[in-house]
Structures are given as C-alpha cells and as structure tokens.
1. Report the relative contact order of the chain, percent, no decimals, based on alpha-carbon pairs under 8 angstrom and at least 6 residues apart.
2. Mind pulling the per residue volume of the convex hull built on the Cα atoms of the chain? Å³ is fine.
3. With +1 assigned to the C-beta of every Lys and Arg and -1 to the C-beta of every Asp and Glu, and no other charges, what is the dipole magnitude of region 123-171 about the Cα centre in debye, to the nearest 20?
4. Rg/Rh for region 6-128: what does it come to with C-alpha atoms and Rh from Kirkwood?
5. Against the longest alpha carbon principal axis of the chain, how many degrees, from 0 to 90 and to the nearest 10, is the axis of helix 112-126 turned?
6. Distance check, please: which entries in Lys109/Lys220; Lys34/Lys220; Lys6/Lys247; Lys109/Lys247; Lys67/Lys247; Lys50/Lys109 exceed 28 angstrom between their Cα atoms?
7. Expected output is a single nm value to one decimal: the length gained when fully extending between Arg215 and Asp87, i.e. 0.36 nm times separation in residues minus the C-alpha distance. What is it?
8. Considering amide H positions built from the backbone, and no H for Pro or chain starts, which residues 5 or more places from Ser66, or on another chain, come under 5 Å of its amide H?
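We did not get these values from a lab; they are worked out from the coordinates using the rules stated. Every value quoted in this text rests on a predicted model; they were computed, and no experiment measured them. Don't worry about glycine lacking a Cβ; one is built from the backbone with ideal geometry, like all the others, and counts go over all protein chains shown.
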Amino acid sequence: MDTRAKTDECLILRGRDYKETDRLLIVFSRRYGKFSCLARGVRRSNSRLKASTQLFSYSRLTFTDSKGLALVTQGEAIEPRAELRGDLTKIACASYIGELLDGVLPEGKPQENIFVLAGAALTLLCSDAEPFLLLSCFELRLLAALGYRLSFDSCAACGRSLQGGEFYLSPERGGVICAGCRERLPGAPAGGLPPTLSAGACRLLSGLLQWELRRVFNLKVSPAMRQEADAALAYYLEYYLGRPAAKARENLSVYYRP
Ligand SMILES: [Zn+2]
C-alpha cells in the first residue's frame, strides 16, 4: 500500500510494544483495508498520539510512508472506547474481534462493509449488549460479508422447512441439512460427523444473522442452546476461515465462555 500522507478512519485491531516507547499496530481502515503501522513514542505520557492509537479505538489517523512501513503522524480519537480496555470480558471479546479480523482479512484490501460491521460490533460491546449474542451476530455477518452467507431456514439439500427434530451442519452446502438428506448424501466429512442443531438453535442462528440488532439483544437464550449455537459457529468458522479463525476462538475461550 502506498501510505504517503493518507488520512482515514481506522479501527485499532491489535497492537504491541516496540522498542522503548513505540507501538506496532494493526489497523483496519475504511478506504485502505487492514495494514501494519508504527506509532512512534506513543508510550510516553505526553504523546499527542496516545489517545488515537489506543487498542480498539475508532480514530482518524494520518500516515506517511517510511521505508515501506506506514508511520502514524497525526491522530484524533473519534470514539476512544475506554470501556473496552477496563473490563476483562470486554477486553477478551474486543481482542477476539481484532484477532479474527487480523487473521482473515487480506492486507491492504478495502472492505467497507466489514469495516462498518466491526465498528458497530465494537461500539455495541461498549454498551451492555450481551457478549454471546453480539459475537455470534458478528461471526455470522462477517461470514456473510466474506461470501459465506449461511441459511438456517430450510434444509440446504431438499428445501424442507426446519420444524422439529435435529439437523446436521453442512458448511459445504451453506447451512444445515435434514436427517433424510444426511442419510442419502454420500460420504461423511473427514473428522467424523459434524455437530447437530435443534430446530430451535437453527431459528436462533437465522435471527442472529438477519434481525435488526435491537431485536437480537432482547432475546433470551438458554445455556444449552447457547452451547449448541456456539459449537456450530466454531465449526463453520473453522471450515470457511481455517486455522486463524480457530486460533482466535481458542484464545477467546481462555477468558470468555458463553
Ligand atoms: Zn433435506
């Protein structure tokens, strides 16, 4: 990416200390996509870039190119999101969003719909939105934005509507299939049978993918159904997005379980 004197809205996805007072950041910018950059001297207490380069903040940053690395030269925090850095569950969830995006987004490719989705997820995480519902919504909608929109409204093979009974995850068909189709279709995937989903969990996932967020956050979901939906999401994410997504989820599970 040519980063000579460019200004854009950015989400600070990840960061690590570098040298004595610098930070290396992974930012996701609205117009230039995801990239690495260096924020010099921001660990000094009087750095004027401190607020705008904090983890998870939504900032307007200016970059110049320094020998192939983007250097942050100016910054303004639009939403500092301090709430996300002071609570262990919120830190874990926001870190997961950052790590997942860093793992699956290609370098320097603008993806404005995903930028908007990630910004909304981090803003909602600052509120009292329920983390399980929020992260599940984020995962399903991220998959859809990346071209893997799943359907939980009918069997992906025969089209039968999902009423009672159990259904099998079928990421290769983009959703779930019924027991009858499961028997008819050849070959179980490597690693054994995928997890099953009850009709109720299918309805939940369908809602999380499609409903307005206000409606989503009014849902009451039993612990058993959470676990069912969560196991299904882990399976889909690993199937479509591979090791980086699985690793991000493993790291999340150390600090947060639905
Ligand atoms: Zn079927």
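1. Relative contact order comes out at 16 percent.
2. Considering the Cα atoms of the chain, their hull volume per residue is 135 Å³.
3. Once rounded to the nearest 20, the dipole reads 240 debye.
4. The Rg/Rh ratio comes out at 0.94.
5. 90
6. Lys109/Lys220; Lys34/Lys220; Lys6/Lys247; Lys67/Lys247
7. My answer for the length gained is 43.6 nm.
8. Leu71
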